[in-house]
Amino acid sequence: MNYTIDDNHLLQGENVVHLLTSKNNLEFPPNSPDSLIIHYTAGSGAESSAKYLQDKNVKASAHIVIGREGEIFQIVPFNKIAWHAGKSYYGGRPGFNNFSIGIELDNAGILTKTGNEYQSWFGRKYPQSEVMEAIHRNETAPRFWHTYTEKQLKLNMEIASVIIAAYPKIFEILGHEEISPGRKQDPGPAFPLDKFRRTVLGDDRDDLAAGVHELPESGLIVPSKLNIRSGAGIAFDKVAKPLTSGHEVQILEEVNGWYRVKTEIEGWVSKGHVNTHT
């Protein structure tokens with residue numbers, strides 16, 4: 001690997017630029033960070049997005065931004081809390097800013113087709129070669145999405161591996177879309193999230209990570225109402241009335257952020273709405 005993390009919790013290596021912000025000074029609590037959150041910038045370029053997140057007057061930030069041509073901008077040291085997750089909840093835990101590192105990938109996000117071109121929310125048009133049509137994991141209809149570059153994806157994997165090696169408490173990789181469903185769509189279906197986390201986390205990590213990834217036996221439903229479906233995704237039919245808050249379920253299987261559970265009936269529920277930390 002060509003990248004290292006120094007004693008100041010800064011990434012060092014080729015094409016790394018430090019644009020450190022003055023607004024994020026609070027350090028992570030003990031045993032954190034323990035998660036990586038993947039985002040897209042929904043912006044026009046890596047440097048402009050990084051400078052925006054660096055701005056002391058902007059109530060958002062991230063640890064690093066990775067560009068489409070291999071540019072890397074670090075905004076917050078890895079030992080300090082950045083403001084990338086916002087209102088978030090997953091696996092029985094709220095407030096992911098407090099225990100996660102945020103990686104932003106330069107990507108325009110959702111695109112709208114106009115003739116033979118595809119337009120972003122900020123007006124830039126992209127050729128079909130940079131676009132894919134796909135159904136988001138939290139939606140039921142296809143949309144157009146800006147793709148990531150091979151260089152960007154490879155670099156993201158390398159840097160994520162370096163981060164996890166430096167901070168061995170990290171046991172989980174999630175998309176912003178998973179911790180803020182309905183509010184956020186990043187990194188979107190153009191990013192191979194499930195493959196990425198399987199590859200980076202792997203099955204040969206230390207006992208800490210392996211222990212965390214053991215399938216819990218049971219959990220409690222968190223929201224007031226949670227749909228239970230015939231398959232792992234919102235495109236599948238509901239199989240019964242919604243489960244209610246505090247309802248205990250037996251967990252049988254996990255697939256792509258969904259649990260197959262058993263209660264009076266059997267079906268699939270979104271993993272992020274089941275508290276297994278009881």
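The values are calculated or read from the model by the stated rules, or taken from the named source; none is laboratory data. Bear in mind the structure is a predicted one, so any value in this text is a computation, not a measurement. FYI the Cβ positions are ideal-geometry reconstructions off the backbone, even for glycines, and counts take in every protein chain you see.
Quick look at the numbers
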{"item": "Counted residues, segment 64-80 - those being without any contact (Cβ under 8 Å) to a residue 60 or more places away in the chain and either out of contact with any Phe, Trp or Tyr (no Cβ under 6 Å at 6 or more places or on another chain) or not assigned by TED's automatic domain parsing to the domain that holds P30 (or both)", "result": "4"}
{"item": "Count - residues of segment 114-147 that are surrounded by fewer than 12 Cβ atoms within 10 Å (Cβ to Cβ) and among the small types (G, A, S)", "result": "4"}
{"item": "Every pair of residues 6+ apart whose Cβ atoms lie under 6 Å, when the first sits in segment 248-264 and is in contact (Cβ under 8 Å) with a residue 60 or more places away in the chain and not assigned by TED's automatic domain parsing to the domain that holds H176 while the second is not in a strand (DSSP E or B) and not aliphatic (A, V, I, L, M)", "result": "N256/D194; G257/E178; G257/K271"}
{"item": "Those strands (runs of 3 or more DSSP E) lying entirely in segment 22-106 with at least 3 residues closer than 28 Å to H146 by Cβ and among the aliphatic types (A, V, I, L, M)", "result": "35-40, 64-66, 100-105"}
{"item": "Number of the condition not met by G91 [criteria: (1) touching a helix residue (DSSP H, G or I) at 6+ places or on another chain (Cβ under 8 Å); (2) of a type outside the set (S, T, N, Q); (3) not assigned by TED's automatic domain parsing to the domain that holds G43]", "result": "(3)"}
{"item": "Restricting segment 222-257 to residues that are in a loop (DSSP other than H, G, I, E, B), polar (S, T, N, Q) and more than 25 Å from I135 (Cβ to Cβ), the residue that is modelled with the lowest pLDDT", "result": "S224"}
{"item": "Scan of segment 1-48 for residues that are within 22 Å of K59 (Cβ to Cβ), at pLDDT below 95 and either out of contact with any Lys or Arg (no Cβ under 8 Å at 6 or more places or on another chain) or among the basic types (K, R) (or both), ordered by number", "result": "P29"}
{"item": "Test: F191 is modelled with pLDDT under 95 and within 17 Å of I101 (Cβ to Cβ)", "result": "no"}
{"item": "Filter result for V200 (surrounded by fewer than 20 Cβ atoms within 10 Å (Cβ to Cβ), modelled with pLDDT under 95, touching a strand residue (DSSP E or B) at 6+ places or on another chain (Cβ under 7 Å) and not small (G, A, S))", "result": "yes"}
